[in-house]
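The values are calculated or read from the model by the stated rules, or taken from the named source; none is laboratory data. All values reported here derive from a predicted model rather than from experimental measurement. Cβ: placed from backbone, ideal geometry, glycine included. Neighbour counts: every protein chain shown. Just so you know, the surface numbers come from the protein's heavy atoms only, side chains and all, with ligands and any DNA or RNA stripped out. Shrake-Rupley method; radii C 1.70, N 1.55, O 1.52, S 1.80 Å.
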Amino acid sequence: MKQEEKWGDFILEKLRKINMKTAVFMGIIFYSLTILIHFLILNKSIPFIWVNGGRSESFAEQLPIFVISIVISIIGVVFTLIVGRIKLYKYKRGITVICWFFVVLWSFGFILQLFGTPFEKMVCSLVLLIGVISNLRMAIEKK
């Protein structure tokens, strides 16, 4: 048990060394890249079969997933900007809960990307890793 505690403390220590402004910037980059990828797919610059594990049989089938992902990403970027710009100390618990929600959501997405298409493994997983790190850093903020 002590070894696990030391490992957890080590990770938290390293994450806290990331400046909050850097974490917010990473979050904005993450959401911007996510929206860009979805727009490139909607524009058909990236084939829709490169995402969703290649399981979608048509572009129309994939379209609702893209729209939901873009909406979540827009909410995420607005939330990240609010967290980065305003010191909402009385809302700290709510902000932390939302950050942890995004950590879980993007971690799950990261794992799924590792089982996906080569594009998902090489591009999307790295983009999601930025999102996980960014939201994790914001979630563990003590102020």
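I need the GluC sites (Glu not before Pro) found in the range 1-70, filtered to DSSP loop residues with at most 10 other beta carbons within 10 Å of theirs. Provide the component values of the computation, followed by the final result.
On the way: sites: 4, 5, 13, 57, 61; in loops: 57.
Counting only loop positions with at most 10 other Cβ atoms within 10 Å, the GluC sites (Glu not before Pro) in the range 1-70 are 57.
What Kirkwood hydrodynamic radius, in Å, does the chain give when the mean of 1/r is taken over all pairs of distinct Cα atoms and then inverted? Present the calculation step by step, with values, prior to reporting the outcome.
Working: mean 1/r = 0.0619 Å⁻¹.
One decimal place: 16.2 Å for the Kirkwood radius.
Select from the range 10-69 those trypsin sites (Lys or Arg not before Pro) which occupy a DSSP coil region and have at most 12 other Cβ atoms within 10 Å, ordered by residue number. Kindly include the intermediate steps, with their values, before the conclusion.
Details: sites: 14, 16, 17, 21, 44, 55; in loops: 17, 44, 55.
Here the trypsin sites (Lys or Arg not before Pro) that fit, given the DSSP loop and packing criteria, are 17, 44, 55.
Could you tell me the calculated FRET efficiency between residue 36 and residue 82, based on Cβ-Cβ distance and R0 = 25 angstrom, to the nearest 0.05?
0.70
Calculate the dipole size of the chain relative to its Cα centre from +1 charges on Lys and Arg beta carbons and -1 charges on Asp and Glu beta carbons; express the result in debye to the nearest 20. Kindly include the intermediate steps, with their values, before the conclusion.
On the way: 17 positive and 8 negative charges, 172 e Å.
Dipole about the Cα centre, nearest 20: 820 debye.
Over the chain, what relative contact order in percent results from Cα pairs under 8 Å that are six or more residues apart? Walk me through the numbers before you get to the answer.
Details: 133 pairs, mean separation 52.8, N = 143.
Worked out over the chain, it gives 37 percent.
Take the solvent-accessible surface of the protein heavy atoms, probe 1.4 Å, and return the percent of it on the chain that carbon and sulfur atoms account for.
Working: 6550 of 9260 Å².
Carbon and sulfur atoms account for 71 percent of the accessible area of the chain.
Using the Kyte-Doolittle scale, find the helices of the chain whose mean hydropathy is at least -1.0 and whose Cα atoms extend 24 Å or more along the helix's long axis, counting only whole DSSP H runs.
Numbers: long enough: 20-42 (33 Å, 1.95); 59-85 (38 Å, 2.00); 92-114 (33 Å, 1.53).
Taking the DSSP H segments of the chain (at least 24 Å long, mean hydropathy at least -1.0), we get 20-42, 59-85, 92-114.
Among 131, 53, 76, which one shows the highest mean-square fluctuation when the chain is modelled as a Gaussian network with alpha-carbon springs under 10 Å?
In the Gaussian network model the winner is 53.
For the pairs 14/142; 21/44; 17/92; 6/142, note any where the Cα-Cα span goes beyond 25 Å.
Working: 14/142 14 Å; 21/44 34 Å; 17/92 20 Å; 6/142 19 Å.
Table pairs above 25 Å Cα-Cα are 21/44.
Send over a whole-number figure in Å² for the accessible area per residue of the chain, probe 1.4 Å.
Spelled out: the 1.4 Å probe surface of the chain, per residue, equals 65 Å².
Taking a 1.4 Å probe, which of 82, 140 shows the most accessible area, and what order do the others take after it?
Working: 82 75, 140 15 Å².
The residues order as 82, 140, largest area first.
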